[in-house]
Amino acid sequence: MKRITLHVLHFTGSRSVNCFLKHAVTRRQHDVDLCGLEVSEQVRFHGTSLTPLFRGETARWPERVIVTDSQRVEHPIKWKQSATMTQRWRLINGVELYDILAAPEQRHDIATAHPDVVAELRKHYEAWWELVSPRFDEECPIVLGTENEKIAVLTSHDWHGEAHAPICDRGTDSAGVGM
């Protein structure tokens with residue numbers, strides 16, 4: 001099996017967003033395409049393969065709406081620490097709207113001036129939430145010690161369950177005092 005490592009970092013204004021690879025399903029689609037793998041008909045991808053982009057094909061790309069969520073909690077909360085984005089618009093936490101092309105520094109919320117854009121981006125977020133939220137309680141086992149991954153890096157985000165959460169995620173300081 002051929003191994004492909006891909007890192008994409010996209011900078012917008014004063015903030016950086018790992019935009020394409022936040023959507024792992026899109027990444028898997030182009031991994032499958034690039035490696036020429038066969039996939040069961042039961043597998044459904046929810047993204048667009050980036051393979052034509054890597055092959056230098058200049059097909060016209062449709063406008064996409066990307067949702068990012070950076071809560072890093074056991075049970076995500078709808079709309080918390082989220083961004084719903086297009087090339088032009090960024091909706092933060094479902095309420096603040098910014099025109100990235102006109103003001104990339106995102107200093108002035110313009111949601112009240114563009115309620116139609118807010119409604120459209122909220123619709124995309126709702127569809128994304130319906131797609132991902134049913135899987136929040138699924139366990140995702142981490143396999144350690146394989147030939148393919150000789151070195152494993154685990155972070156506090158890999159610990160699940162209140163009893164196993166790092167102290168910083170329990171609302172106490174290192175001495176066990178509430179913060």
Next item on the list: Tell me the label-point distance for the pair Ala119, Leu53, using the 7 Å Cα-to-Cβ offset, in nm and rounded to one decimal.
Entry: 3.1 nm
Note to self: Give me the one-decimal nm value for the distance between modelled label points at Arg72 and Ser40, 7 Å along each residue's Cα-to-Cβ direction.
What the structure shows: 3.4 nm
Item checked: Contour minus Cα-Cα distance for Asn93 and Asp137 (0.36 nm per residue) -> 13.6 nm
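Each reported figure results from applying straightforward, stated rules to the coordinates on display, with no laboratory input. Bear in mind the structure is a predicted one, so any value in this text is a computation, not a measurement. When we count neighbours, we look across all protein chains shown, and the Cβ atoms used for this are built from the backbone with ideal geometry, even at glycine.
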